[in-house]
Amino acid sequence: MLDLIIEGGTVIDGTGAPRKACDVGIRSGRIAQLGDLRGAAARARQDAAGRIVAPGFIDVHTHDDRLLLDAPQGAHPKLSQGITTVITGNCGISLAPLLTDNPPAPLDLLGDDAWRFERFAGYLDALEAGGPALNAACLIGHSTLRVRHMGRLDRPATGREAERMAQDLAEALEAGAIGMSTGLYYPPARAATADEVIAVGAPLADAAGIITMHIRDEGDAIEDAMREALHIGRELGIDTVLSHHKLVGRSNHGRSVQTLAMLEQAAREQSVCIDCYPYNASSTMLLASRVRQSDDVLVTWSRSDPSAAGKSLFRLARERNLDPEALAQALTPAGAVYFAMSEDDVERILAHPLTMIGSDGLAHDQSPHPRLWGSFPRVLGHYARRRGLFSLETAVHKMTGLSARRFGLPRRGTIAAGNFADLVIFDEAGVADRASFEQPTEVSAGIDAVFVNGRLAWGHGRSWDVHAGHVIRRRAGAGQD
Ligand SMILES: [Zn+2]
């Protein structure tokens, strides 16, 4: 007897293969049977006639370390767009292992009151004990390690400090972390050299861990920054992901032609891929240097002036008779959305075969970038259906099968017998993002139902408090096969 049959739907299985009419039978959280299941016995049936049935989406670029602890409301932005698995701890920022009540920017993107995990294993255990709403595979952040082990951050780590960080990484990998992230762009890690990252990252090689990198520069010096990141990945001999690939600043528009060619070249010799969010505006901490490169800047939060959230920095500067960079300085600590990319670059990068989809959503911002709520439906609705950038099968592959393979998530990302029953049912004609820069927390349209490990986690326009997620540990452990 099956627990559930999703019947009458059209399956897009996540491998990139063409769709086919197929019922999906679920038992004990797994996909048990595929095919014509009209005669099969089941405790429940879900009608998917006229709908697409796809693997649950994998958000490969998140800062959801803390959101996962705030289940179930916390997971609302994720489940509502069909996401069933997240990769946490990107850009050098992980919530563990660090005890502090005063995290330096950009660590404060995760808030300042949740830094209570002395060990990475403690974080994973807390996640598992709470029963996360989503599956999570977790990275440890190089910047978090720097803050933990170094008094001053404006210099490279000493050999002794790098050793201590490597020790923490080894421990985290042992506990189940899937790899390490870096954020050499950001102040806490700007003084780190490639040699430091290679020394700290040494344990990744034996554990077959992955490294994801927010590279040192995404503007004028992007090619040098990519060369550095590729060098680090090559030296460590591990799978490498360059995060949220983009070209910032008007003078760099169009350069994705070169950067993508460079990646293709590198991909012949090493395992490398990229992720991308489907918007031509970025979001991170408010930095004066970034204001200069932007056509407009929206404040997403500000500790010193919360009333600035959701407003244009340039307009506020005019109203207050201040230079925009001086105002940015006065508003910090703060976050911002920057309009500084070209749509042509965004489309070229999204369409590239090495590109996976990641939201980079910032769940704790007062007025967040709409990517937090809309990324995946936007790729399906705007870029696949309206713009015709790729087929729906390719769009789904970029958010499921490709991602699971690149991040080494066993039995996820494709619809096949024996796989975990992470599934999304959506309306091909109606799926669309509704979150905008003005209304950033609008729920997307066209996502009918979302199952996490076989249990309904989103349906009838709301999320269900089922705590069905697993912690996906790289080593054999509770959450894994
Ligand atoms: Zn980043």
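The values are calculated or read from the model by the stated rules, or taken from the named source; none is laboratory data. In this text, all values refer to a predicted model and were calculated from it rather than measured experimentally. Cβ placement follows ideal geometry from the backbone for every residue including glycine, while neighbour counts extend to all protein chains displayed. Heads up: the accessible areas ignore ligands, DNA and RNA and are worked out on the full protein's heavy atoms, side chains in. Shrake-Rupley method; radii C 1.70, N 1.55, O 1.52, S 1.80 Å.
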Legend entry - Top positive-direction residue, dipole computed over the stretch 1-67 with Cβ charges, set 22, 57, 12: 22
Legend entry - Which of 470, 430, 355, positive extreme of dipole for the chain (C-beta unit charges): 430
Inset, instruction - Please list, or write none, the lysines whose alpha carbon is within less than 20 Å of the alpha carbon of residue 246, excluding same-chain residues fewer than 8 places away. - result: 398
Inset, instruction - Could you bin all the Cα-Cα distances of the stretch 111-160 into 5 Å bins starting at 0 and give me the percent of pairs in each, rounded to whole numbers? - result: 4, 14, 23, 21, 16, 10, 6, 5, 0
Legend entry - Using alpha-carbon coordinates, inclination of helix 256-267 to the longest axis of the chain, degrees: 70 degrees
Inset, instruction - Please name which of 176, 132, 191 has its Cα lying farthest along the dipole of the stretch 124-199 towards the positive end, using unit charges on Cβ (Lys, Arg +1; Asp, Glu -1) and the Cα centre as origin. - result: 191
Legend entry - On Cα atoms only, tilt of 120-130 relative to the major axis of the chain in degrees: 40 degrees
Legend entry - Estimated inter-spin distance, residue 445 and residue 467, nm [label 7 Å along Cα→Cβ]: 3.7 nm
Inset, instruction - At a temperature of 10 °C and a viscosity of 1.306 mPa s, determine how fast the stretch 211-254 diffuses translationally according to Stokes-Einstein, using the Kirkwood radius over alpha-carbon pairs as Rh; express D in µm²/s, rounded to the nearest whole number. - result: 147 µm²/s
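Given a 1.4 Å probe, how much area per residue of the chain is accessible, in Å²? Could the numbers behind the result be given before it?
On the way: 16940 Å² over 481 residues.
Each residue of the chain exposes 35 Å² on average to a 1.4 Å probe.
Equivalent ellipsoid semi-axes for the stretch 1-55, as square roots of 5 times the alpha carbon gyration tensor eigenvalues: give them largest first, rounded to whole Å. Numbers along the way, then the final one.
Values: eigenvalues 68, 29, 15 Å².
One finds semi-axes of 18, 12, 9 Å for the stretch 1-55.
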Legend entry - Accessible area in the full protein assembly, largest first, 1.4 Å probe, for 304, 312: 304, 312
Legend entry - Compactness of the stretch 288-335, expressed as Rg and Dmax over alpha-carbon positions, Å: 9.3, 24
Inset, instruction - Quick one: which residues, 5 or more positions from residue 296 or on another chain, have an amide H under 5 Å from its amide H? H modelled 1.01 Å from N in the peptide plane, none for Pro or chain starts. - result: 339
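Taking the chain on its own, what percent of its Cα-Cα pair distances exceed 30 Å? List each step's numbers first, then the result.
Values: 49005 of 115440 pairs.
Cα-Cα pairs of the chain separated by over 30 Å account for 42 percent.
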Legend entry - Under the Debye formula (equal points on every Cα, no solvent term), log10 I(q)/I(0) of the stretch 352-416 at q = 0.16 Å⁻¹: -0.60
Inset, instruction - Report, in debye and to the nearest 20, how large the dipole of the stretch 341-400 comes out about its Cα centre when Lys and Arg carry +1 and Asp and Glu carry -1 on their Cβ. - result: 240 debye
Inset, instruction - Provide the net charge surrounding residue 113, with neighbours chosen by a C-beta distance below 15 Å and charges set as Lys +1, Arg +1, Asp -1, Glu -1. - result: -2
Inset, instruction - Can you tell me the 0 to 90 degree angle between the C-alpha axis of helix 159-175 and the longest principal axis of the chain, rounded to 10? - result: 10 degrees
Inset, instruction - Can you run the Rg to Rh ratio on the stretch 231-361? Use alpha carbon positions and the Kirkwood inverse-distance Rh. - result: 1.07
Inset, instruction - Starting at the first residue of the stretch 50-57, write each ³J(HN,Hα) from the Karplus equation 6.51 cos²θ - 1.76 cosθ + 1.60 with θ = phi - 60°, in whole Hz, x for Gly and Pro. - result: x, 10, 8, 10, 10, x, x, 6
Inset, instruction - Run a plain Debye calculation on the stretch 205-290 (Cα atoms as equal point scatterers, no solvent) and give log10 I(q)/I(0) at q = 0.22 Å⁻¹, rounded to two decimals, same order as the q list. - result: -1.11
Legend entry - Spatially proximal lysines relative to residue 311 (Cα-Cα < 23 Å; intrachain offsets below 8 disregarded): none
Inset, instruction - Note the full-extension length gain between residue 1 and residue 17 as 0.36 nm times their separation in residues minus their Cα-Cα distance, in nm to one decimal. - result: 2.8 nm
Legend entry - Cα-Cα P(r), the stretch 146-218, percent of pairs per 5 Å interval: 3, 17, 29, 26, 18, 7, 1
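If each DSSP helix of 4+ residues adds -39,500 (n - 2.57) and the sum is divided by the residues in the chain, what number results at 222 nm, nearest 500 deg cm²/dmol? Write down the numbers at each step before the final one.
Working: 15 runs with 130 residues, N = 481.
Mean residue ellipticity at 222 nm (helix-derived): -7500 deg cm²/dmol.
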Legend entry - Burial ranking of peptide ranges 1-8, 80-87, 263-270 (average Cβ count within 10 Å, highest at the top): 80-87, 1-8, 263-270
